[in-house]
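Here, each number is a calculation from the coordinates, and none is a lab measurement. A quick note: this is a predicted structure, and the numbers were derived from the prediction, not measured. Quick reminder, even Gly has a Cβ in these numbers, built from the backbone with ideal geometry, and neighbours come from all protein chains shown.
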Amino acid sequence: MFALVTLLTCCSVGDIRRAPPSPGPPSHTGPPPSPPAADLVGEIRTTRLAVPSRYDLPYVEFVDAENGYVLFAACDGQPPGPDCPALLWSTRDGGRSWQRVAHPQPVADEQQLFAVPGMLALSTAPHGWWTSTDHGESFQHSPGATAPARWQAAEAPFQLIERTGKVGRWSGRSLRPVPTQPPLSVIHSVAVGQRLDQVGDRVEFHGPLMAAGFSANGRPSVAISSDEGQRWRSMEVPAAAGEVGVLRGLVGSGELWLIGERPDRTSFPELWRYHDLSGWSRVSAVGHPETARVVPMGGNTVAVIGPRGGGAVIGGTYLDLSWPVTAEHSLRLLPDGTLFAALPGAVLLGFGHYAQRSWVAVNVTGA
């Protein structure tokens, strides 16, 4: 995925029900996390912001290698109040410098920050949502607990409609079913390929639309559409080696992947990959850790964070790698192909080939 086309992947899970994307680790009241081994990090960018010491460690979010945000949203484990207002910063140079952003609703019972390329969103219960398309220079307010349509459309234009279980597309202000539904008995997730451009209220995409779930006979199955849901091609995948609870379809770098999450959501998942000539095949991971979080990276490679730190599944075999990540890091691939691993107040940005990957540590603290 290091020569990744820009991709936007959306995931909507049946029984678990769709919610706004996870805001990452909660505010951290203990000491800062241990820094990564210096010899595994090519560059360390540390910033101490003008924040009183009573604030907990912040939540740090990046949308690509250059653009990110920092939200301080708690003091001593308590929600922000008049004497502890939420504080917000942004960066446009990969965390080398940070600019203060005027938070539109700094006092709320709960603060959460979400971001995708082109849009920043703040959830400020019970005061509703605030969204910005100019890096926080201005915000639009949306009352209520439900995420506004403009955010949901920017986050993922194709999604699962919760009340019906159908595939829908955001069109203007509503999520409407696509013209033809995929031939699946149960749909767990929806994913789409390359983002092209914003045309009015509509985001133009190129590449396959993929729905993943189970067929009528209870087997893992995938349906692909190349015309935004006008027609679908159904494809069953080989039987899983163990029990699978939720199926996540992923599209990127010209590859289609299917991740079969185990019922406990922590055990090493089932992996499938699509090949143009042979169809879907199981991807073995000989020697993999018992628990792990995985992210396909293109080139028949899957990034892994497990109890031993970082690794990868390459050619059917799991390998431990000298990455500065730990089992506590979250793991995600950003739309520009940057690998993003996060802890409270500190993130790692990974670039390049898996074996020669270079890492930048971005650390943000208060006074």
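Among PHE268, PHE62, rank each residue by its count of other Cβ atoms within 10 Å, from fewest to most, as a rough exposure measure. Don't jump to the answer; show the numbers that get you there.
Working: PHE268 19, PHE62 22.
Ranked by crowding around the Cβ, least crowded first: PHE268, PHE62.
Specify whether the C-alpha gyration tensor of region 215-257 places it in the rounded, prolate or oblate class, a ≥ b ≥ c being the square roots of the eigenvalues: rounded for a/c under 1.5, otherwise prolate if a/b is larger than b/c and oblate if not.
Numbers: a/c = 2.56, a/b = 1.46, b/c = 1.75.
It comes out oblate by the Cα gyration axes.
Give a residue-ordered list of calculated ³J(HN,Hα) values for region 273-288 (Karplus: 6.51 cos²θ - 1.76 cosθ + 1.60, θ = phi - 60°; whole Hz; x for Gly, Pro).
9, 9, 10, 4, 8, 10, x, 7, 9, 6, 9, 6, 9, 4, x, 5
Under 5 Å between amide H atoms, partner at least 5 residues away or on a different chain: which partners does HIS103 have, H built in plane at 1.01 Å?
LEU88
What FRET efficiency comes out for VAL186 versus GLN230 if R0 is 25 angstrom and r is the Cβ-Cβ distance? Round to the nearest 0.05. Could you put the intermediate results ahead of the total?
Details: r = 22 Å, r/R0 = 0.87.
Once rounded, the FRET efficiency stands at 0.70.
Fewest to most neighbouring Cβ within 10 Å: what's the order for ASP76, ASP93?
On the way: ASP76 10, ASP93 13.
Going from least to most buried by this count: ASP76, ASP93.
If we sort 320-326, 155-161, 176-182 on the protection proxy, mean other Cβ atoms within 10 Å, highest first, what's the order?
Details: 320-326: 19.3, 155-161: 21.7, 176-182: 16.0.
Ranked by mean Cβ neighbours within 10 Å, highest first: 155-161, 320-326, 176-182.
Spelling out what I want: for every residue of region 220-237, take phi, set θ = phi - 60°, compute 6.51 cos²θ - 1.76 cosθ + 1.60 (Karplus), and round to whole Hz; glycine and proline get x.
In residue order, the calculated couplings are x, 8, 9, 10, 10, 10, 9, 10, 6, x, 6, 9, 10, 10, 8, 9, 6, 10 Hz.
Rounded to whole Hz and in sequence order, give me ³J(HN,Hα) for region 62-72 from the Karplus expression 6.51 cos²θ - 1.76 cosθ + 1.60, θ = phi - 60°, writing x for Gly and Pro.
10, 9, 7, 5, 10, 9, x, 9, 10, 10, 8
Label points 7 Å out from Cα along the Cβ direction at SER138 and SER278: separation in nm?
Modelled inter-label distance: 5.5 nm.
Could you give the nm distance between label points at ASP109 and ALA50, where each point is 7 Å from its Cα heading toward the beta carbon?
Distance between label points: 3.3 nm.
Which peptide among 254-265, 302-313 comes first, and what is the full order, when sorted by highest mean count of other Cβ atoms within 10 Å?
So the order, starting with the most tightly packed, is 302-313, 254-265.
What order do you get for TRP272, TRP280 when you list them from fewest to most C-beta neighbours inside 10 Å? All intermediate terms of the calculation are to be shown ahead of the outcome.
Numbers: TRP272 22, TRP280 19.
Starting with the residue having the fewest Cβ neighbours, the order is TRP280, TRP272.
Count neighbours as other Cβ atoms within 10 Å of each site's Cβ, and list the GluC sites (Glu not before Pro) in region 206-246 that are DSSP loop with at most 13 such neighbours.
Numbers: sites: GLU228, GLU236, GLU243; in loops: GLU228, GLU243.
Listed in order of number, the matching sites are GLU243.
With a ≥ b ≥ c the root eigenvalues of the C-alpha gyration tensor of region 41-169, is it rounded (a/c under 1.5), prolate (a/b larger than b/c) or oblate? Each step should come with its number before you reach the end.
Values: a/c = 2.10, a/b = 1.34, b/c = 1.57.
Oblate is the answer for region 41-169, as a/c is 1.5 or above yet b/c matches or exceeds a/b.
Can you give the relative contact order of region 156-283 as a percent, counting alpha carbon pairs under 8 Å and 6+ residues apart?
Values: 306 pairs, mean separation 22.1, N = 128.
Relative contact order here is 17 percent.
Quote the FRET efficiency, to the nearest 0.05, computed for GLN78 versus GLN99 with a Förster distance R0 of 22 Å and r equal to the Cβ-Cβ distance. Let's see the in-between values first.
On the way: r = 27 Å, r/R0 = 1.22.
My answer for the efficiency is 0.25.
Does region 156-283 come out rounded, prolate or oblate, given a ≥ b ≥ c as the square roots of the eigenvalues of its C-alpha gyration tensor, rounded meaning a/c under 1.5 and, failing that, prolate meaning a/b above b/c? Write down the numbers at each step before the final one.
Values: a/c = 1.84, a/b = 1.55, b/c = 1.19.
It is prolate, given that a/c is not under 1.5 and a/b is the larger ratio.
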